[in-house]
Amino acid sequence: MLDFNEYLDINEIVGYGNVKDNLLSITQYAVSNYFADKPLFKDNNFKYYFYDDYVFNTNTSINNYMTLYVEINQPQNVKESQNKKFIKKDPNIKDLHLSLQNIKDGIFQGLLNCFDSNTLLWQEQYSINLSINERVDGKKINYLFRVIPCFTYKNENNINGVVYYNNDLNKVEIEYPVLSTKNIKAKEKNTNKLYLYYDVLLKNILQAERKENYTYFEIFESLLYNVPDKLFEDKTEKTLIQILNFLRNNNLKEYKTIDEQDYMFTSKYKSFSILYVKHALNQIEKHIKKSQKNITSNNE
């Protein structure tokens, strides 16, 4: 019998709530300042929300990025005549008066003016990244955040999401974080809170086998979202094995993303690696068999 307790530690980040609230306030201030002289954008054009390991409550890695979306509804920002060169590459790239690259640079400069030497800021393809150092109860703690400016997007099913992209590469990402959060809560309720329990368990078993402290964000959350609710029976090895059997024996290409608007492994905008997943599942099964063998040997 596998000892589950060995694999269920969650690396709770102390003081995260306060730092998260402070970042939200500072980001709202930086955004407001940047758009103060831009009449195409009004206060009601902006929404802010977090979507990260704390939404899942399954942060099993030492370094966890918390993602803050700055969603911008920009109807007046779209030019009447669109750039046909961009449309050929992707119809979701509009010809804009003010691009996301411009906006990201502007918010970045605003954030630079709001933080001291205890915070490191840098830009990546889509995001503004922050490494914030704080002292909590005498201990120095590091918090990692990414701020993603994005535009409101509505798909062919009339579902609201967000779109963001790199202007130089014309690479598009489309996500539905609000819908994903709603679906996660429903899945957790329908499985009697076993969905996230097995998410943590599988992550930590994989990390124990690979001797790592990192798993790609959302991969196991998405895999387990596709497992039927009825298979989450209880906290036993039998349930663990039947979940793994389902994942191994079903067509991974049919698995949907958590928002249910796309497919995990064939999405044009958000695609996971099927090779990584197959390798990860093999490693998990290998570790379970090894642990079972060790337990049997110790009992003889």
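The values are calculated or read from the model by the stated rules, or taken from the named source; none is laboratory data. Because the structure is predicted, anything quoted here is derived from the model rather than measured. Quick reminder, even Gly has a Cβ in these numbers, built from the backbone with ideal geometry, and neighbours come from all protein chains shown.
Checking each residue in segment 128-170 for being of a type in the set (D, E, K, R), surrounded by 15 or more Cβ atoms within 10 Å (Cβ to Cβ) and at pLDDT below 90 picks out only 134. The residues listed here are 275, 223, 252; of these, the one that is loosely packed, with under 13 Cβ neighbours inside 10 Å, free of Cβ contacts under 8 Å to residues at least 60 places away in the same chain and closer than 30 Å to residue 165 by Cα is 275. Of note, residue 183 does not satisfy the criterion of being in a strand (DSSP E or B) and among the polar types (S, T, N, Q). Given the structure, is residue 231 of a type in the set (A, V, I, L, M) and free of Cβ contacts under 8 Å to residues at least 12 places away in the same chain? So residue 231 does not fit the description; no. Taken as a whole, the structure leaves residue 200 outside the set of residues that are in contact with a strand residue (DSSP E or B) (Cβ under 6 Å, 6 or more places away or on another chain) and either within 30 Å of residue 71 (Cβ to Cβ) or assigned by TED's automatic domain parsing to the domain that holds residue 123 (or both).
Screening the candidates 86, 108 for the property of being assigned to a helix (DSSP H, G or I) and modelled with pLDDT of 95 or more yields one hit, 108. Against the list (1) surrounded by fewer than 16 Cβ atoms within 10 Å (Cβ to Cβ); (2) in contact with a strand residue (DSSP E or B) (Cβ under 8 Å, 6 or more places away or on another chain), the condition residue 267 fails is (2).
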